[in-house]
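Values in this text are rule-based calculations from the coordinates and carry no lab data. This structure is a prediction, so every number in the text was calculated from the model and none was measured. A quick note on method: Cβ atoms are made from the backbone with ideal geometry, for glycine too, and the neighbour counts reach across all protein chains shown.
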Amino acid sequence: MNEKQNTTARCLGCGLLVRGGTSGCQAMMDELLARDFSDVTYFRYHRMFVDIYCLQHPDRYCISAKSLAAHLTGLCWFIDNDGSRAVGSESLRRWLNGTPPMEKPEIPSFRGERTIADVRDAPDSEAYGQAVELWARSTWKAYSILHSLARQWIQQAFAGQGRSRPKMERGAGQIRTAE
Ligand SMILES: [Zn+2]
């Protein structure tokens, strides 16, 4: 680490102490996002990575109730249903493309002990995937006051479809976790 004291600050979203603060954290996000699109072995975790990062940076990514719902139900889906980390749930996307009635709840100010810095330096895509899983659980835990709301939204999404229940849907290329 070569951090200069005068340029190091806390990211206002995730609390990471990083050069450039919030924008330094965002630069890491941009860097990893670009890698997802150039290396399919990293893209396997793409959608989960995006949902986690957005939930940790709600001032930028979860401004509307709908955007919060997208990322919160997205992460819930991965945790509860072992869905595809690469692309998430098509049923949830369809639900969000409509006009689901919802109010934006208060977002927790502490967003987990792990940050993007914990996944960034993984030596390969396998290690990266495992780090993203841990990051997902840490962030999900920090959002515990919204777990029931997230599950309620998912139920609504599937009730509106009138077909497959959440447990029946399996995404392609899903990654199994150790848990
Ligand atoms: Zn951050």
In degrees between 0 and 90, to the nearest 10, how far off the longest principal axis of the chain does helix 147-161 point, with axes built from Cα atoms? 40
By how many degrees, between 0 and 90 and to the nearest 10, does the Cα long axis of helix 125-142 differ from the longest principal axis of the chain? 70
Given H placed 1.01 Å from N in the peptide plane, which residues other than close sequence neighbours of residue 8 have an amide H under 5 Å from its amide H? 20
Added length on full extension, which subtracts the Cα-Cα distance from 0.36 nm per residue, residue 152 to residue 93: 19.7 nm
Which of 46, 71 has the fewest Cβ neighbours within 10 Å, and the rest in rising order: 46, 71
Derived scalar couplings ³J(HN,Hα) [the range 105-121; Karplus, 6.51 cos²θ - 1.76 cosθ + 1.60; whole Hz; x for Gly, Pro]: x, 6, 9, x, 7, 9, 10, x, 7, 9, 9, 4, 5, 7, 10, 4, 9
Using only Cα atoms, locate the centre of the range 27-48 and the centre of the range 100-114, then give the distance between them in Å, rounded to an integer. 24
Relative contact order %, the range 34-114, counting alpha carbon pairs below 8 Å whose residues are six or more apart: 30
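Tell me, what is the FRET efficiency for residue 7 and residue 122 to the nearest 0.05, using R0 = 25 angstrom and their Cβ-Cβ distance as r? Could the numbers behind the result be given before it?
On the way: r = 25 Å, r/R0 = 1.00.
Rounded to the nearest 0.05, the efficiency is 0.50.
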Report the Cys residues of the chain lacking a disulfide-compatible partner, meaning no second Cys Cβ under 4.7 Å from their Cβ. 14, 54, 62, 76
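Suppose only helical runs count, i.e. DSSP H with n ≥ 4. What mean residue ellipticity at 222 nm does that imply for the chain under -39500 (n - 2.57) per run, divided by all residues and rounded to the nearest 500 deg cm²/dmol?
Helix contribution divided over all residues of the chain: -16500 deg cm²/dmol.
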Most exposed first by the Cβ proxy, i.e. fewest other Cβ within 10 Å, how do 119, 87 rank? 87, 119
Just want the ordering: 132, 40, from fewest to most Cβ atoms lying within 10 Å of their own Cβ. 40, 132
Under Karplus coefficients 6.51, -1.76 and 1.60, residue-wise ³J(HN,Hα) of the range 88-99 in Hz, glycine/proline x: x, 9, 5, 5, 5, 4, 4, 4, 6, 6, x, 10
With the dipole of the chain defined by +1 on each Lys or Arg Cβ and -1 on each Asp or Glu Cβ, the option from 131, 21, 45 whose Cα lies farthest towards the positive pole is 45
Helix 65-81 versus the longest principal axis of the chain: what is the Cα-based angle in degrees, 0 to 90, to the nearest 10? 80
Using θ = phi - 60° and the Karplus relation 6.51 cos²θ - 1.76 cosθ + 1.60, list the HN-Hα couplings for the range 50-55 in order, rounded to whole Hz, with x at every Gly or Pro. 5, 4, 4, 4, 5, 5
Per-peptide average of other Cβ atoms within 10 Å, ordering 96-108, 53-65 highest first: 53-65, 96-108
Theoretical FRET efficiency, 1/(1+(r/R0)^6), r = Cβ-Cβ of residue 102 and residue 41, R0 22 Å, to 0.05: 0.05
